[in-house]
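Since every read-out is calculated from the coordinates, none of them should be taken as a lab result. Everything quoted here is computed from the prediction, not taken from an experiment. Cβ sites come from the backbone with ideal geometry, for glycine too, and all protein chains shown count toward neighbours.
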């Protein structure tokens, strides 16, 4: 591929949520700081929403990495589960034993005892749920029952929901209104700002080993901004395709026409116009 041609050690614009490429965009850093402060204050339910490709999964992983050794973490990447299956998955994440064959009532009791044991050992428990918009309403209600577990002084488990805007629509259903009332902090992720995209591109290129002059021309950066509307995942896809095209031509810089060609070949990208 183009690694040797551009002097790279790895691909700079992958679409997997690799925390080694983390770029501290203003919105993401603000959301992470909000989550850390809210969890430190003992809040029970937190919610982060954002459109597809705005970096919710990456933020989730950054949060999990930022929690100290005094925190027991549980992570559910696919919560499209029935209530009992969700409780079983949570029990497995909490490393509880003898849970096979238990019904929902006894699973909840088992989880309660496990959380109490962690609390006695001065351990905080944080559950992060990705793609939370996929949860059935019945499962959201089961999650509320888990959040009821508390002592007189503190919540036994803190829950962070990461989801697309459809999560807000689901939480507006009257059947889960009690859960909605318990969400004390909510933040909406947006795309990268106009002034952040160039810094984002340069940052990822540096992490990937590039040490030369700026790879993307001013026209290419404007084209990426217009075509992606600041969505990080789209920026990565378009930048990768643009690098491939420049490599195919034997060029050392990415120009606007490379971005325009990439946008034409990418679902979800809009036309960057003419430059």
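Volume of the convex hull of the chain (Cα atoms only), normalised per residue: 145 Å³. Between residue 93 and residue 154, the distance separating the two model label sites (each 7 Å from Cα on the Cα→Cβ line) works out to 1.9 nm.
Across the chain, the mean sequence separation of Cα contacts (distance under 8 Å, 6 or more residues apart), normalised by length, yields a relative contact order of 26 percent.
Antiparallel DSSP bridges in the range 26-189: what percent, to the nearest 5?
Numbers: 1 of 22 bridges.
Beta bridges within the range 26-189, antiparallel portion: roughly 5 percent.
Between residue 211 and residue 73, the distance separating the two model label sites (each 7 Å from Cα on the Cα→Cβ line) works out to 3.2 nm. If you stretched the chain out fully between residue 252 and residue 181, how much longer would it get, using 0.36 nm times the residue separation minus the C-alpha to C-alpha distance? Once the chain is fully extended between residue 252 and residue 181, it gains 20.1 nm. The helix-only estimate of mean residue ellipticity at 222 nm for the chain, built from DSSP H runs of length n ≥ 4 each weighted as -39500 (n - 2.57), is -14000 deg cm²/dmol after division by the residue total. Counted residue by residue at 0.36 nm each, then reduced by the alpha carbon distance between them, the extension gain from residue 172 to residue 57 reaches 39.1 nm. The stretch between residue 80 and residue 16 holds 20.9 nm of extra length on full extension. This uses 0.36 nm per residue minus the Cα-Cα distance.
Annotation for residue 37 and residue 188: the two label points, set 7 Å from Cα along the Cα-Cβ direction, are 2.0 nm apart. One Cα centroid belongs to the range 122-176, the other to the range 38-61; the line between them spans 12 Å.
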